[in-house]
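Please treat every number below as a calculation from the coordinates, not as lab data. Note that this is a predicted model, so its numbers are computed, not measured. Quick reminder, even Gly has a Cβ in these numbers, built from the backbone with ideal geometry, and neighbours come from all protein chains shown.
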Amino acid sequence: MEHIKKTVHGVGWSAASTSARLVIQLCVMVLLARIVTPGDFGLYAMVLVFSNIVFIFRDLGLSAAIIQKKDIDHECLSSVFWINVTFGAIMTLAGFLLAPFIAAFYNEKILIGIVGLVSASFFISSFTSVYVAMLAKEMNFRTLAFVEVISVLLAGIVAVSLAAVGFGVWAFAWQAVALSVVSASLYIFLSKWRPGAIFVWRKAKSLLNFGMNLTGFNLINYVSRNADNLLIGRFFGPVHLGFYDFAYEMLLFPLSNISQVIGRVMFPSLSLINDDKKRVREVYMTAVRFIAAVTFPLTIWLFLTAKEFVAVVFGEKWMRSVFIIQIFSMVSLVQSVMTLNGTIYQSQGRTNLQFRLGSIFAVVFVSGFLIGLKWNIEGVAICYAIATFLILYPCLSIPLGLIGIKFGQFMKDLKKILLSALLMGLIILTTKTALLKIFGAGDLAVLLSSIVAGCAAYILIILKLEKPLAEKFIAVLKQFKKG
């Protein structure tokens, strides 16, 4: 019962944090999109291709290993901390040294300084990994929520302020540095734990096998999912990449933010009960159904209203991204129910299998991107979608098999949620068509009407078709309120 209570409260605080960050990030993105150019977005996307690789390596998967390991002592934590800090310093130095080569690759000299500045955040962030892991292991998501919201808010203020006075792409770089400084300071200040002047290789090594397999998978997965940005930036330049990456961010909002609400809690939760497969299945499927209940209608709504959404919120200069957003919304619908796959591999101690499969899937994605280059950024987006649907069955069936769930049953459990979202989409499409053809409504009227009609329709349909899920959601809210 205590485990259930902690999980419920973890989801609650994670939801609060993610909702707040989602609003802040969306507001910051809207403001930046209206101030800076697509080229500035593209330049920073070029930097992110390389900087995000470093963040995959920054703790060598040791944070996840700390969460997964049931018994861990001060010597082990301190050893992991010093490994992280040392590796962070090495990565920062590497960033400075590689900056000229990255700039030469893209033929953009301005990237030398930007890469150098962003590299400073690698070392700063290395101080936070153990603190974050311990808070997650203890399921103290209240503290995590506080730090994350404050950090994103202050970093966003820095970015918008600098962009407003003409810093352009540099505003993004200073945002990254501000985020790492604020979050590191808050984690250290709020935590009672302090690293000792201790390093025991034997203790750290016990976590490295788990962590390195996970890091290997994350690297392969990252390369496969970001090779498109690398290729577009290299062959088409920052403006084309700006439009593409802007659309990709629209994909990531529902995927990484909403799915993360539950996903980040599931790993420590499933790790605590990893030997009880029945409970693991129940917790996992409940989490996936909750995610689907939110992401399915959101992605379908975005597919149908992408033109109006971009025009009203971001402005006409971003209209080329509309088609790509529509393609990515369908990718997001599929990937949203894949986001918890990693929690199965990690909680069951099978990061080795996760790494091997990730390597195979990477070949599929990169091959698709190379083929898609023939038709510019739109072709790359379409090939991304095709690759996602090609790997759907193995990507789900293999991890599900580890906890005794069949693919057919998994799809059956999501059938009514998908049907509810599709029926909602039909109502939105009917409403939009009527407004455009009969009343000649503008983009704002269509967008607002689609939100009202879509929300009302989806709530009524989901309550009719999936009443047990709605009741379970209400029960979770009550449990959180009691705590």
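When GLU316, GLU249 are ordered from fewest to most other Cβ atoms inside 10 Å of their Cβ, what list results? The partial results should precede the final answer.
On the way: GLU316 8, GLU249 19.
So the ranking, lowest neighbour count to highest, is GLU316, GLU249.
Gain in length, ILE90 to LYS406, computed as 0.36 nm per residue apart minus the alpha-carbon separation, to one decimal in nm?
Details: separation 316, 0.36 × 316 = 113.76 nm, distance 4.43 nm.
Full-extension gain reported as 109.3 nm.
Which order do peptides 294-303, 194-203, 439-448 fall in by mean Cβ count within 10 Å, highest first?
Top of the packing list down: 294-303, 439-448, 194-203.
Checking the table LYS109/LYS374; LYS205/LYS278; LYS278/LYS406 against a 21 Å threshold on Cα-Cα, which pairs fail?
Working: LYS109/LYS374 27 Å; LYS205/LYS278 32 Å; LYS278/LYS406 13 Å.
Over 21 Å Cα-Cα: LYS109/LYS374; LYS205/LYS278.
What is the set of long-range amide H partners of GLY442 at a cut-off below 5 Å, with H atoms built 1.01 Å from backbone N?
none
At a 10 Å Cβ-Cβ cut-off, how would you order CYS395, CYS27, fewest neighbours first?
Details: CYS395 20, CYS27 13.
Ascending Cβ contact count within 10 Å gives the list CYS27, CYS395.
Say the cut-off is 21 Å between C-alpha atoms; which of LYS415/LYS437; LYS137/LYS467; LYS416/LYS472; LYS412/LYS464; LYS415/LYS467 go over it? Write down the numbers at each step before the final one.
Numbers: LYS415/LYS437 33 Å; LYS137/LYS467 33 Å; LYS416/LYS472 15 Å; LYS412/LYS464 17 Å; LYS415/LYS467 14 Å.
Listed pairs above 21 Å: LYS415/LYS437; LYS137/LYS467.
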